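Down below is the structure, laid out as structure tokens.
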Amino acid sequence: MPEFVTVATAEEIPPGTGRTVEVQGVWIALFNVDGSFYAVDNTCPHAGGPLGEGHLDGHVVECPRHGWRFNVQTGERPENPTITVDCCPVRIEGNQVQVALPENFS
Ligand code: FES
């Protein structure tokens, strides 16, 4: 059973934005898409760019380094779905946003 960690309040991450948070020593990119929260590995698989600092357009974040894009709901690159980032479960408790690392997180 993954352990959920409080990383922010819902008000701290307005719709259409994201940020980088720490979950058990791992940097995770957390996004608010129209009131739904999604979390993925912060480290871009291209060259390590910080996805939590990328521009969010709908469900797609663009890496601030070289522009690779990832769907924050599925972790897949729209241009090449064989390239992915790991997704993390997110839950809301009251106004607290909580994220857990999945057991297979790499
Ligand atoms: S490091 Fe993300 S696109 Fe290059």
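Bear in mind that the values in this text are calculations on the coordinates, not laboratory data. The shown structure was predicted, so the numbers you read here are calculated from the model rather than taken from an experiment. In this analysis, Cβ positions are derived from the backbone assuming ideal geometry, glycine residues included, and neighbour counts consider all displayed protein chains.
With a ≥ b ≥ c the root eigenvalues of the C-alpha gyration tensor of the range 5-99, is it rounded (a/c under 1.5), prolate (a/b larger than b/c) or oblate?
prolate
Between Thr9 and His46, with labels modelled 7 Å along Cα→Cβ, what's the label distance in nm to one decimal, could you check?
Reported label-point gap for Thr9 and His46 is 3.6 nm.
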